[in-house]
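Here's the structure we're looking at; comments come further down.
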Amino acid sequence: MISAYIGNRGKYHEGILAVEPLRLPATTEEVQAVLSRIGVDGVWYEEIHIVDYETDVAGLRARLGENENIDELNYLASLLEEMDSGEMKKFEAAVALGEYAGSVKDLINLTQNLDCYEFYSDVKTEEDLGQYLIDEAGALDVPKHIRDYFDYEAYGRDMFLNSTSDFTDSGYIENNQSSFIVHYDGDKVPEEYQIFSYPVEPRRSILEALKKYRETPPPERGGRKAAAHGER
């Protein structure tokens, strides 16, 4: 659904490119494996950044940034994975409309508010819109015997300009003015979607080594201290 290319920020500043892809949705174990491969252990290297994305969801890649939260991305990817093809096309059109696409938090809420939009996959132009509204939706009573002379394009253009809507590659989408409900406030990702964790064993071994060093410092180099001047 979404592949995020995770990089070790510390090594990047050292001139070393350490990057691995993480396909989302993912598990904690998969995250730990990726972090281990790029050398992020939570001790010497803690910071990550996302250098690129791949996704088959149209328009989504451009909405994702370098410093996104892995748990939030996993939350979004999990919700997208549950969509059928019709919902996905509607979501893609809503992303193109751009009302709720400024952050991963917005996109998460957008997946759960698709009923706030009307979507017509076969409507691609103003003329298509005019024909749909009159011939199928009955928005205007135009007698059948004069429809061949009616300017569907002008009518469709007027309706388009007076609504919150857009023509997208997926089809025509319009905000139907229903209440947009914020299900996720950006404060805490639901526990079932939380996957970020540093590798366990490497982190533990490093911490144990540091603890042992502090408790039992190594002997000073050169063996026994040289005798003081007065002892000679």
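Please treat every number below as a calculation from the coordinates, not as lab data. As the structure is a computational prediction, the values presented were derived from the model and not from experiment. Because the Cβ atoms are built from the backbone with ideal geometry, glycine has one as well, and the counts that use them run over all protein chains shown.
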Exercise. Rg and Dmax of the chain, using alpha carbons, in Å: what are they?
Worked result: 28.5, 123
Exercise. Given the C-alpha centroids of region 71-136 and region 8-27, what is the distance between them in whole angstrom?
Worked result: 31 Å
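Pairs of lysines 8 or more apart, or on different chains, with alpha carbons under 23 Å: count those in the chain, would you? Intermediate results must be reported in sequence, preceding the final value.
Working: K89/K105; K89/K124; K90/K105; K90/K124; K105/K188.
Close lysine pairs found across the chain: 5.
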Problem set entry | Approximate spin-label separation E82-R157, in nm, with each point projected 7 Å along Cα-to-Cβ | 4.3 nm
Exercise. What is the spin-label model distance, in nm, from R61 to S179 if the labels are put 7 Å beyond Cα along the C-beta direction?
Worked result: 3.9 nm
Exercise. Rounded if a/c is under 1.5, else prolate if a/b is larger than b/c, else oblate: which is region 1-67, with a ≥ b ≥ c the root eigenvalues of its Cα gyration tensor?
Worked result: oblate
Exercise. Going by a ≥ b ≥ c, the root eigenvalues of the Cα gyration tensor, does region 54-136 fall in the rounded group (a/c under 1.5), the prolate group (a/b larger than b/c) or the oblate group?
Worked result: prolate
